[in-house]
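Please read the structure below before turning to the comments.
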Amino acid sequence: MGTSKCIFWRSRFWILSRNISPEKTITLDSPVYALKLDGNHIYALGQYEFTIINITTPSTSYIEGNLNLSGSSNYDVEVKDNFAYLSAYGYGILSVNITNKSNPTLDQTTALSGTNHPWRMNISGDLLYIGMETDNSLLIYNISNPINLTFVGNYTNSSNGSITGYSGVYVNGDFAYVNEYQWGN
């Protein structure tokens with residue numbers, strides 16, 4: 001009988017001063033795919049967990065809370081008011097209540113159309129714009145009720161048989177700026 005090895009991935013998070021000298025290093029137990037700064041907190045979304053880091057005083061920053069997300073592959077985080085929205089491959093959008101920073105809770109999972117592979121997101125007002133990885137589409141959801149996201153509309157691009165996805169989305173005023181990557185034809 002052979003032995004098996006478990007490889008455990010970790011991430012380190014550095015807080016640097018303007019002159020690029022390290023103020024604090026924090027180790028997270030999961031590879032981090034997205035960071036979002038909101039007020040005195042950094043929201044770090046990893047493959048296995050969602051972590052809230054208090055950066056009120058950078059030199060004494062600390063992990064204030066986290067939520068285990070084992071089983072899902074996560075790509076992006078957006079924050080509005082007391083909720084964080086996480087894009088989770090195959091699950092859709094996870095609405096996480098962050099009112100109590102030391103104990104974030106998953107309040108709702110919203111499955112999306114198509115392959116349900118959300119990638120990058122952006123919030124403008126009460127609208128969440130979601131770039132889908134393999135569906136050639138941008139989905140738009142109203143998030144005014146964080147535990148009942150409502151579909152508003154979408155933009156779909158026909159790419160002549162290529163498999164494409166939207167790897168970036170940013171909304172400013174009346175315009176959505178979308179980055180498409182492509183493979184295939």
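Only the coordinates and a few stated rules stand behind these numbers; no lab work does. Every value quoted in this text rests on a predicted model; they were computed, and no experiment measured them. Heads up, the Cβs are rebuilt from the backbone with ideal geometry, glycines too, and the neighbour counts pull from every protein chain shown.
Data for the structure
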| quantity | calculated |
| --- | --- |
| Interchain or long-range residues, amide H under 5 Å from residue 46's placed H | 33, 51 |
| Tail beyond 30 Å, pair distance distribution of region 11-183 (Cα, percent) | 20 percent |
| Relative packing of 128-139, 146-157, which averages over residues the other C-beta atoms within 10 Å, highest first | 128-139, 146-157 |
| Amide proton proximity set for residue 55, modelled H, under 5 Å, gap of 5+ | 41, 42 |
| Burial order of peptide ranges 168-175, 48-55, 34-41 (average beta-carbon count within 10 Å, highest first) | 48-55, 34-41, 168-175 |
| Formal net charge of residues neighbouring residue 112 (Cβ-Cβ distance under 12 Å; K, R +1; D, E -1) | -2 |
| Span from the region 38-92 Cα centroid across to the region 116-132 one, whole angstrom | 16 Å |
